[in-house]
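Q: Pasting in a structure now, in structure tokens, and then I'll have a few things to ask.
What follows is calculated from the coordinates using simple rules that are stated; it is not laboratory data. Since we're looking at a predicted model, the values are computed, not measured. Here the Cβ is made from the backbone with ideal geometry for all residues, glycine too, and neighbour counts use every protein chain on show.
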């Protein structure tokens, strides 16, 4: 029996339940005919011009992006505005769009879980657990062998796809590290949590000056982690391969392709 957009949506929401979405998030089906047949899916972190064009040129019936195109309200989708132009391109190309954002962050094998696994963390648990105590935002766990902050930063750079910004570190290169907290995407809101403050290092993206500075100053007085700041896109891109395998298993006969395009917004950096 052929898969329809409606049945694929049901499968997606079994893998990444809507109940896991944060209250501020905008997940779910953005555009597409629920009765349309789905034979090919493209997975990406971002729904931007490059990945929309890729989906159309690939002949995909559905683009599943991690980040929502319509996270914040818009009052116009005129085609002289980029969101309107992207939606028009998708609709004309017969490509549906679905956003799986925080729903894919909180689950087992979600964005932070995959990053933690790639670093070899053991006995992981959420930084900010959901009511079930099992799912939740971020992960914290222990390395199989102690290392140093510098060595971990180098290992992280090897695990993540390359970006202009690389890996930024705050802390002593040689300081010992065993317990590691990670949060794919922007995670500075978790800097004050007990799980993060109890870790030797916190890995996340989009760390802003003041939250990072205040966390490091507090660490001098009362303990706290070193910081490793990485590309938002890179920290979540690793999850796409896991998501693709889950969809292939759940949707036999559907081709699932992972976008290799780098949609990190930064192109180069000049070191001073």
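Q: Taking the 0 to 90 degree range and rounding to the nearest ten, how far is the long axis of helix 49-58 tilted relative to the main principal axis of the chain, both from C-alpha atoms?
A: The angle comes out at about 50 degrees.
Q: Still on this structure, I have one more. On a 0 to 90 degree scale, rounded to 10, what angle separates helix 149-159 from the longest Cα axis of the chain?
A: Helix 149-159 sits roughly 20 degrees off the main axis of the chain.
Q: Let me ask another. Shape verdict for region 5-103, please, from the Cα gyration tensor: rounded (a/c under 1.5), prolate (a/b greater than b/c) or oblate.
A: Numbers: a/c = 1.75, a/b = 1.12, b/c = 1.57.
Oblate, because a/c is 1.5 or more while a/b does not exceed b/c.
Q: What is the order of 260, 13, fewest Cβ neighbours within 10 Å to most?
A: 260, 13
Q: With an 8 Å cut-off on Cα pairs and a minimum separation of 6 or more residues, tell me the relative contact order of the chain in percent.
A: The normalised contact order for the chain reaches 19 percent.
Q: For a Förster distance of 30 Å, can you work out the FRET efficiency between the beta-carbons of residue 36 and residue 75, rounded to the nearest 0.05?
A: Step by step, r from the Cβ atoms, then E = 0.60.
Q: Distance from the Cα centre of region 75-114 to that of region 1-72, in angstrom?
A: Centre-to-centre (Cα) distance: 6 Å.
Q: Let me ask another. Mean-square fluctuation check for the chain, GNM, Cα pairs under 10 Å: which of 196, 134, 52 is largest?
A: Of 196, 134, 52, the Gaussian network model singles out 134 as fluctuating most.
Q: Need one number: nm distance between label points at residue 208 and residue 158, each 7 Å from Cα along Cα→Cβ, rounded to one decimal.
A: 3.5 nm
Q: Decide, for region 106-232, between rounded, prolate and oblate: order the square roots of the alpha carbon gyration tensor eigenvalues as a ≥ b ≥ c, take rounded if a/c falls under 1.5, and otherwise choose prolate if a/b is larger than b/c, else oblate.
A: Taking the square roots of the gyration eigenvalues as a ≥ b ≥ c, region 106-232 is rounded.
Q: Roughly what % of DSSP beta bridges within the chain run antiparallel, to the nearest 5?
A: 45 percent
Q: Sticking with this structure for a sec: Only bridges whose two residues both fall in region 5-103 count here: according to DSSP, what percent of them are antiparallel, nearest 5? Spell out each step's value before the answer.
A: Values: 3 of 11 bridges.
Bridges in region 5-103 are about 25 percent antiparallel.
Q: Nearest 500 deg cm²/dmol is fine: what mean residue ellipticity at 222 nm does the chain get from its DSSP H runs of n ≥ 4 alone, each adding -39,500 (n - 2.57), divided by its residue count?
A: The helix contribution divided over the chain gives -9500 deg cm²/dmol.
Q: Using a 10 Å cut-off around each Cβ, can you sort 112, 193, 213 from fewest to most neighbouring Cβ atoms?
A: Placing the least packed residue first, the sequence is 213, 193, 112.
Q: So how much slack lies between residue 88 and residue 7, counting 0.36 nm per residue of separation and subtracting their Cα-Cα distance, in nm?
A: Extra length available between residue 88 and residue 7 comes to 26.8 nm.
Q: Order by neighbour count: 98, 82, 202, fewest other Cβ atoms within 10 Å first, most last.
A: 82, 98, 202
Q: Pick out which of 45, 254, 182 has the largest mean-square fluctuation in a Gaussian network model of the chain, springs linking Cα atoms closer than 10 Å.
A: Of the options given, 254 has the highest mean-square fluctuation.
Q: I need the peptides 115-122, 136-143 ranked by packing, meaning the mean over residues of other C-beta atoms within 10 angstrom, with the highest value on top. Working shown, then result.
A: Details: 115-122: 18.8, 136-143: 23.1.
Ranked from most to least packed, the peptides come out as 136-143, 115-122.
Q: Cα axis of helix 5-15 to longest principal axis of the chain: angle in degrees, 0 to 90, nearest 10?
A: 20 degrees
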